[in-house]
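Trainee: Dropping the structure in here first, questions after.
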Amino acid sequence: MTTTYRLHNYWRSSASWRVRIAFALKGLAYEYVSVNIVRDGGEQNRPEFGALNPMRQVPTLELVEGGESRFLSQSLAIVEYLDETTRGGPRLLPTDPYLRARVRQLAEGINAGIQPLQNLPVFAEVERLGGDKLAWAKKWNERGLAALEALAQETVGTFLVGQTPTLADVCLVPQLYAARRFGCDTAQFPTLERVEAACFAVSGIDATRPEKQPDAVAVA
Ligand SMILES: N[C@@H](CCC(=O)N[C@@H](CS)C(=O)NCC(=O)O)C(=O)O
């Protein structure tokens with residue numbers, strides 16, 4: 001049965017961007033469904049979105065088969081699903097168990113170790129407690145990316161693990177973008193910046209940039 005994809009996402013969401021990159025690497029088309037996570041309290045908090053994803057987060061991938069829809073959330077689970085169910089593009093998880101674990105290690109360093117600390121509800125809580133959300137985000141980005149720069153040395157080639165893009169690179173590109181938004185000087189991570197440039201040199205990746213999405217708004 002043919003599967004078509006509807007990606008519920010937001011232009012500036014780093015977790016959403018990971019999935020857009022995976023779609024591009026795999027050469028797959030999808031329908032872009034915008035969920036504005038900042039306007040009017042966030043569309044992710046509306047009951048209709050909560051029915052698709054009780055976590056109330058983007059991205060959420062809708063798989064449409066024979067007129068029926070199923071929903072997947074968590075960007076890493078989505079990327080792995082696309083990797084396992086489609087043939088085109090590079091394997092985003094290597095077959096070698098050690099390298100596969102290293103890819104997941106780097107990806108989780110971002111997914112579990114950095115990104116949750118810069119999510120909107122966390123920012124709201126930092127502000128409620130009288131903190132500076134940008135300083136907070138900068139600190140955790142710098143700490144996590146420094147670890148990633150060190151960890152990458154063992155496996156880095158053109159990409160973080162070897163010569164083809166993997167799930168680790170899919171997570172890296174949006175994280176560097178976010179880090180810069182929060183005031184990090186990413187030049188202190190030369191390996192990560194080199195890999196980022198290699199990712200943007202891959203056909204189709206440039207079009208996944210936040211500012212090129214249909215719901216992007218101009219920001220300073
Ligand atoms: N681990 C999740 C993180 C998802 C996530 O934090 N999404 C953010 C945007 S990047 C979101 O929806 N934030 C809105 C909110 O939590 O209210 C994933 O990889 O999909």
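Trainee: Under a Cβ-only charge scheme (Lys and Arg +1, Asp and Glu -1), can you give me the dipole magnitude of segment 97-200 about the Cα centre, in debye to the nearest 20?
Mentor: Details: 11 positive and 11 negative charges, 27 e Å.
My answer is approximately 140 debye.
Trainee: Sort Y177, Y10, Y32 by Cβ crowding within 10 Å, fewest neighbours at the top. Let's see the in-between values first.
Mentor: Details: Y177 17, Y10 25, Y32 14.
So the ranking, lowest neighbour count to highest, is Y32, Y177, Y10.
Trainee: Suppose every K and R has +1 on its Cβ and every D and E has -1 on its Cβ; what is the size of the dipole of the chain about the Cα centre, in Debye to the nearest 20?
Mentor: On the way: 24 positive and 25 negative charges, 33 e Å.
Here the chain has a charge dipole of around 160 debye.
Trainee: How much of the DSSP bridge set in the chain is antiparallel, in percent, rounded to the nearest 5? Kindly include the intermediate steps, with their values, before the conclusion.
Mentor: Values: 12 of 17 bridges.
Once the DSSP bridges in the chain are tallied, antiparallel ones form about 70 percent.
Trainee: Taking other Cβ within 10 Å of each residue's Cβ, how do T164, T3 sort, fewest first?
Mentor: Values: T164 16, T3 12.
In increasing order of surrounding Cβ atoms, one gets T3, T164.
Trainee: If you add up the charges near E62, with Lys and Arg at +1 and Asp and Glu at -1, over every other residue whose beta carbon is less than 12 angstrom from its beta carbon, what do you get?
Mentor: Details: positive: R6, R70; negative: E31, E65, E68.
For residues surrounding E62, the net value is -1.
Trainee: With the chain treated as a Gaussian network of Cα nodes joined by springs under 10 Å, which of Q163, Q175, Q57 yields the largest mean-square fluctuation?
Mentor: Evaluated over the chain, the most mobile residue of the options is Q163.
Trainee: Provide the net charge surrounding G183, with neighbours chosen by a C-beta distance below 15 Å and charges set as Lys +1, Arg +1, Asp -1, Glu -1.
Mentor: Net local charge, G183 excluded: +3.
Taken together, the values in this text are just the output of simple stated rules run on the coordinates, not laboratory data. These numbers were taken from a predicted model, which means no experiment stands behind them. Note that each Cβ is placed from the backbone with ideal geometry, even for glycine, and that neighbours are counted across all protein chains shown.
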